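Heads up, the thing below is written out as structure tokens.
Since every read-out is calculated from the coordinates, none of them should be taken as a lab result. Model, not experiment: these values are computed from the prediction. Note that we place each Cβ from the backbone using ideal geometry, even for glycine, and neighbour counts take in every protein chain shown.
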Amino acid sequence: MEPTRSNSLVESLARLTHSAGIVGTAPSSCDIHGGFIASRLRDGQLTGCPECSRARQAVQEAEERAELQRQAVAARLERLLGQALIPQRFKTKTFDNYRAESDKQLIALAACRGYADRFAENLEAGRCLMLLGKVGNGKTHLAAAVAAVVIEQHRCNAMYTTVSRVCQQVKASYSKESTQSEREALDIFRTPDLLILDEVGASYGTEFERMVMFEVINARYEDVKPTIVISNLAPGPLVAALGDRTVDRLREGGGVVVVFDWESARREASNG
Ligand SMILES: Nc1ncnc2c1ncn2[C@@H]1O[C@H](COP(=O)(O)OP(=O)(O)OP(=O)(O)O)[C@@H](O)[C@H]1O
Ligand SMILES: [Mg+2]
Ligand SMILES: [Zn+2]
């Protein structure tokens, strides 16, 4: 007799279940989901509740998704920290390991911590921060601490650089071999949400340096992006070194100025 269509279907289903190790079925029950038909395996074992199995799988898939998400967040953080180019010495500097004993140190710490905590608002307003004063007072330390908070808590990108590095980058773009235009060289410093410009006015500002500083600070001013300027110069000489127009842009929108004028921590360390 010719096998009917449904007969052949039943047979192939039987072959399939047999190859999967299923030799029969038996009524079974789950405390949560009630009755179900369990499959009996070759070794006599009965399969468990399919609803429970689906639920377990859903939990596992959610955990896998959460883990991938965690890895993506960690990778982004790692990337942001790498792109920030914080010098090795300052990577471990935080607000918590800044010793503030005098009133002036407490004010400097509070100003920098406040600037970092309110970074979302400062980013919106393009508000700048100027850390001005004596050597070894922890200006670069506190700027690195701001960058860490900006990256880790606000998930924004920050970049540390020095004036001489910016000038070198721009000068290199003039070379015949350079693949970068002057504009592209300057744009490196225009893109980050926060730019930290260290050692401003350290080399008694050549005309070229003044021009480059204006280009960088003005570009960020046009984009309403905050910049931290660090200098050994007091406010007056800083205006002389950078020029009125540049300092005016740094001050606009309530730019914060913090003056550092106490004994160097480097000297304290060497005194024991
Ligand atoms: N109050 C402080 N508490 C803890 N460490 C400090 C403090 N002040 C400075 N330091 C440490 O002393 C060293 C010098 O500080 P830093 O380089 O930040 O000074 P600076 O003001 O940037 O100096 P310069 O103008 O010469 O660049 C760093 O290792 C810094 O971590
Ligand atoms: Mg410094
Ligand atoms: Zn169940």
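Pick from S173, S164, S53: which residue has the top mean-square fluctuation in a GNM of the chain where Cα pairs under 10 Å get a spring? Result: S53 has the largest fluctuation of those listed. Given a 10 angstrom Cα cut-off, can you work out which residue in L85, L131, L142 is the most mobile in a GNM of the chain? Looking only at L85, L131, L142, the biggest GNM fluctuation is shown by L85. Using just its DSSP H runs of length 4 or more, each adding -39500 (n - 2.57), the chain gives a mean residue ellipticity at 222 nm of -16000 deg cm²/dmol after division by all residues. Only Cα pairs under 8 Å and 6+ residues apart enter the sum, and on that basis the relative contact order of segment 1-155 stands at 17 percent. Using the alpha carbons alone, the radius of gyration of segment 51-134 stands to its Kirkwood radius in an Rg to Rh ratio of 1.23.
Summing charges over all other residues whose Cβ lies under 10 Å from the Cβ of R165, with Lys and Arg as +1 and Asp and Glu as -1, gives -2. Taken as Cα centroids, segment 208-269 and segment 70-95 sit 24 Å apart, rounded to the nearest whole angstrom.
Against the compact-protein benchmark of 2.2 N^0.38 Å, the Cα-based radius of gyration of the chain scales to 1.74.
Descending by average beta-carbon neighbour count within 10 Å, the peptides 119-127, 175-183, 20-28 line up as 119-127, 20-28, 175-183, the highest first.
Dipole check for the chain: with +1 at the C-beta of Lys and Arg, -1 at the C-beta of Asp and Glu, and the Cα centre as origin, the magnitude is about 340 Debye.
Bridgeable lysines around K139 (alpha carbons under 25 Å apart, same-chain partners fewer than 8 residues away excluded): K91, K93, K104, K225.
Between segment 1-68 and segment 98-168, the C-alpha centres lie 62 angstrom from each other. For the peptides 64-76, 37-49, 143-155, 254-266, the ranking by packing is 143-155, 254-266, 37-49, 64-76, with the highest mean count of neighbouring Cβ atoms within 10 Å listed first. All distinct Cα pairs of segment 173-265 go into the 1/r average, and the inverse of that average, the Kirkwood radius, is 14.3 Å.
For segment 118-272, the spherically averaged projection of the C-alpha convex hull amounts to 10.2 nm².
For segment 17-80, a Kirkwood hydrodynamic radius built from all Cα pairs, placed in the Stokes-Einstein relation at 4 °C and 1.567 mPa s, yields a translational diffusion coefficient of 89 µm²/s.
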